[in-house]
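K.L.:
Let me begin by handing over the structure; questions about it come next.
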Amino acid sequence: MPSDTTGFWTPVALSADLPAGTVIPARTPAGSVALWRSEAGRLAASADRCPHRGMRLSHGFVRGEALSCIYHGWSYAQAGNCLRIPAHPGLTPPETIRVAIHEVAEADGVIWVAAGVPASKPPRLDGLTPLRSLTVLAGKDAIETAAGGKTSPDGLVETAAGAGGVWLLAADDGQTLVHVLVRDDAGTKDRIAASRAAESLRRRAENLQREGIVQ
């Protein structure tokens, strides 16, 4: 999902999108994950499939420091081990019942998930503040053409005019998750302009992709 220059890390969400006690789905090169934050604020990224019946854990709920499947309530710790099976309240779940987990990191208002064992920490976004995220039905090449810029080794692309802020890209199978960033000192008017410019750039990139001008 990330560009081939961002290493093992994928920027999957903004910190503001995941308050304490919630779970959301996220896509990575390793597949879908259930991205969740415990009620104490601890982050976790679990494989998005309950071992019991295969229900998506991203449809579940967070209680305390555990993620529970919405189907039969099986609960899992951040380490992936099963904590509780409601139908058998006296049973200590065996260690063989677990969900795969991924390393997760949070920095500069962005949440990153690693596909594999990362060789380093996620890129720093010094001087930038996340504004919003949007999905573009186009690949990185179409987005670069629409923005008039090239992606940096950290996965950032800045529009030629600068009005669209800075984009943090995570491309996957013809569509791209874009996190729109603005300078730390951006005022309200600048933020509104960056958001509107992002919508315009999305339309341009999708038109380029749809018309086959850029693959």
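Rule-based calculations on the coordinates, nothing more; no lab input. The shown structure was predicted, so the numbers you read here are calculated from the model rather than taken from an experiment. Note that each Cβ is placed from the backbone with ideal geometry, even for glycine, and that neighbours are counted across all protein chains shown.
K.L.:
Which of Ala197, Ala105, Gly90 sits closest to the plus end of the dipole of the chain, meaning its Cα is farthest towards the positive end, when Lys and Arg get +1 and Asp and Glu get -1 on the C-beta?
P.N.:
Value: Gly90.
K.L.:
Given H placed 1.01 Å from N in the peptide plane, which residues other than close sequence neighbours of Phe8 have an amide H under 5 Å from its amide H?
P.N.:
Ala119
K.L.:
Related question: Compute the acute angle (0 to 90°) between the alpha-carbon long axis of helix 188-210 and the principal axis of greatest extent of the alpha-carbon atoms of the chain; round to the nearest 10°.
P.N.:
Tilt relative to the chain: about 90 degrees.
K.L.:
Please report, in whole Å³, the volume per residue of the convex hull around the C-alpha atoms of the stretch 9-114.
P.N.:
Expressed per residue, the convex hull around the Cα atoms of the stretch 9-114 is 84 Å³.
K.L.:
For a quick size check, give me the Cα extents of the stretch 60-169 along its three principal axes, largest first, whole Å.
P.N.:
For the stretch 60-169, the Cα extents along the three principal axes come out at 63, 29, 24 Å.
K.L.:
If you don't mind, there's one more thing I want to ask. Per 10 Å bin from zero, what fraction in whole % of the C-alpha pairs of the stretch 116-215 is there, up to the bin with the longest pair?
P.N.:
Taking all Cα pairs of the stretch 116-215, the binned fractions are 17, 49, 27, 7, 0 percent.
K.L.:
Once the Cα atoms of the stretch 68-118 are picked out, what are the Rg and Dmax in Å?
P.N.:
For the stretch 68-118, the Cα-based Rg and Dmax read 14.2, 43 Å.
K.L.:
When averaged across all projection directions, what area in nm² does the alpha-carbon convex hull of the chain cover?
P.N.:
12.7
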